Amino acid sequence: KDRSSNSFNFGAYHTLDEIYAELDHLASQYSNIVSKLQIGESYEKRPLYVLKFSTGGSNRPAIWLDAGIHSREWVTQASAIWIAKKIATDYGQDPSITSLLNKMDIFLLTVSNPDGYVFTHTTNRMWRKTRSKNKGSVCFGVDPNRNWDAGFGGPGASKNPCSDSYHGPSANSEVEVRSVVNFIKNHGNVRAFLTLHSYSQLLMYPYGYKCTEPADYAELDALGRAAASSIRSLYGTTFTVGSICTTIYQASGGSIDWSYDNGIKYSFAFELRDTGNYGFLLPASQIIPTAEETWLGLKKIMEHVRDSPY
Amino acid sequence: LQTFVGHQVLRIKTRNEEEVKKLQLLESLEHLELDFWRNPSTPAHPVDVRVPANNVQAVKAFLESYGIEYSILIEDLQVVLDQEKQDMEYNQQ
């Protein structure tokens, strides 16, 4: 297969195989800054691939970005692929991204929950969880954003294996979660943790498992508002900014609470378009506008991280 | 392949904490197989919920009996899914 051809349609939804093929293509086409790493495998033994954007150096400070932990939120996996291409093409062209990558690495997990993603394509478009088997239950899967070791099992997560917000038998029980935790802990120098979800247009910071303000509340709130303003500047899409608890509802075991409590100050969760007309079925024609505006918000945060070492 | 013919997505607007509590009760009724896209939290935040076709009437009756305001966001989810599938097939061609 000709790896130099560029036939991937960023304005369409794709199967997991197509996305994974495009990761190879990006790593091949932009081999000077992009490489593909496998950080583990899913419950059903699918690889978990991360794209590493780096200009060299060892153990540089890094930004973590993931998408698709809730499998049905298809616009997030699609946006992540667009963002991967954007980072690769902007390096050397956009002074801001160039200076960022000359100082830091970016790790991008485009499909955090590959089993769930395949299941949404083959069996149930509305599937949100992993596909692990739950002992003693006929129901499958754990909500991987209730499975992190952050107030695990507390309010806003279900103990019922049949629920869409089932927290799982123990923190990190899901290999998809455990793989990310191990990767970030082993890396040891991740300075920002950004996660993409979709539906309802929110930009949130910790906490979700408790309704108290994080120590860095003022800075995170101001940065979140600046990012939301950048998002709005392109197409007028409005994001609500706040902590998970005050913005939506109390929810325990979430990823950004774990990252924040483990010393990653700049921890944010994005909820991309839309506000209800399509739900998780955002038309493909909106993928690129969504990715474009999201990129502006991400860039605002990443620039702040670059300029605010801690 | 699981289909969603007749599934509706409702947007529910609550006016006070009491109505939020009613929705939290609705959320706990597992036999209705509701899929909350936005869970009940505070009166300021609307609730979006996917309701299977055979439970649409029961849920609407529940809401109406308590005078809770709602609107239909998606009339038939399968219609939207079919459109999405068609778009993907077109793209693959």
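Structural remarks
- For the range A:164-201, the candidate set comprises residues that are of a type in the set (Gly, Ala, Ser) and part of a strand (DSSP E or B); within that set, the residue that is nearest to A:Thr247 (Cα to Cα) is A:Ser198.
- For the range B:52-93, a tally of residues being closer than 15 Å to A:Tyr278 by Cα and of a type in the set (Lys, Arg) returns 1.
- Among the residues of the range A:255-284, the ones that are within 14 Å of chain B (Cβ to nearest Cβ) and under 24 Å from A:Ala222 (Cβ atoms) come to 3 in all.
- Residue in the range B:43-60 that is surrounded by the most Cβ atoms within 10 Å (Cβ to Cβ), counting only those that are under 19 Å from B:Arg15 (Cβ atoms) and over 12 Å from the mean Cα position of the chain (by Cα): B:His45
Conditions tested, residue by residue: (1) of a type in the set (Ser, Thr, Tyr); (2) modelled with pLDDT of 95 or more.
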| residue | (1), (2) |
| --- | --- |
| B:Leu23 | no, yes |
| B:Ser28 | yes, no |
| B:Arg50 | no, yes |
| B:Val56 | no, yes |
| B:Ala61 | no, yes |
| B:Glu69 | no, yes |
| B:Ile74 | no, yes |
| B:Gln78 | no, yes |
| B:Glu89 | no, no |
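- Residue match in the range A:250-257 (condition: touching a residue at least 12 places away in the same chain (Cβ under 8 Å), at positive phi, out of contact with any strand residue (DSSP E or B) (no Cβ under 9 Å at 6 or more places or on another chain) and buried (at least 20 other Cβ atoms within 10 Å of the Cβ)): yes
- Flag if A:Ser165 is within 14 Å of chain B (Cβ to nearest Cβ), without any contact (Cβ under 8 Å) to a residue 24 or more places away in the chain and among the hydroxyl-bearing types (Ser, Thr, Tyr): no
Conditions tested, residue by residue: (1) of a type in the set (S, T, N, Q); (2) over 20 Å from A:Thr76 (Cα atoms); (3) within 14 Å of another protein chain (Cβ to nearest Cβ).
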{"residue": "A:Leu23", "(1), (2), (3)": "no, no, no"}
{"residue": "A:Ser42", "(1), (2), (3)": "yes, no, no"}
{"residue": "A:Thr55", "(1), (2), (3)": "yes, yes, no"}
{"residue": "A:Asn59", "(1), (2), (3)": "yes, yes, no"}
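Here's the yes/no breakdown for (1) buried (at least 19 other Cβ atoms within 10 Å of the Cβ); (2) under 30 Å from B:Glu75 (Cα atoms); (3) at pLDDT 95 or above:
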{"position": "A:Leu220", "(1), (2), (3)": "yes, no, yes"}
{"position": "A:Gly224", "(1), (2), (3)": "yes, no, yes"}
{"position": "A:Leu234", "(1), (2), (3)": "no, no, yes"}
{"position": "A:Asp261", "(1), (2), (3)": "no, no, yes"}
{"position": "A:Lys265", "(1), (2), (3)": "yes, no, yes"}
{"position": "A:Gly279", "(1), (2), (3)": "yes, yes, no"}
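- Verdict on A:Thr237 being of a type in the set (S, T, N, Q), touching a helix residue (DSSP H, G or I) at 6+ places or on another chain (Cβ under 9 Å) and in contact (Cβ under 8 Å) with a residue 40 or more places away in the chain: yes
- Filter result (more than 14 Å from chain B (Cβ to nearest Cβ), surrounded by 23 or more Cβ atoms within 10 Å (Cβ to Cβ) and in a loop (DSSP other than H, G, I, E, B)) within the range A:202-212: A:Pro206, A:Tyr207, A:Tyr209
- Top-ranked residue of the range A:241-279 - restricted to ones that are in a helix (DSSP H, G or I) and within 21 Å of B:Gln24 (Cβ to Cβ), ranked as farthest from the chain's Cα centre (by Cα): A:Thr246
- Taking strands (runs of 3 or more DSSP E) as the structural unit, those lying wholly within chain B and holding at least 1 residues that are on the phi < 0 side of the Ramachandran plot, of a type in the set (Asp, Glu) and within 9 Å of chain A (Cβ to nearest Cβ) correspond to B:35-38, B:47-51.
The values are calculated or read from the model by the stated rules, or taken from the named source; none is laboratory data. Fair warning: this is a prediction, and the values are worked out from it, not measured in the lab. Quick reminder, even Gly has a Cβ in these numbers, built from the backbone with ideal geometry, and neighbours come from all protein chains shown.
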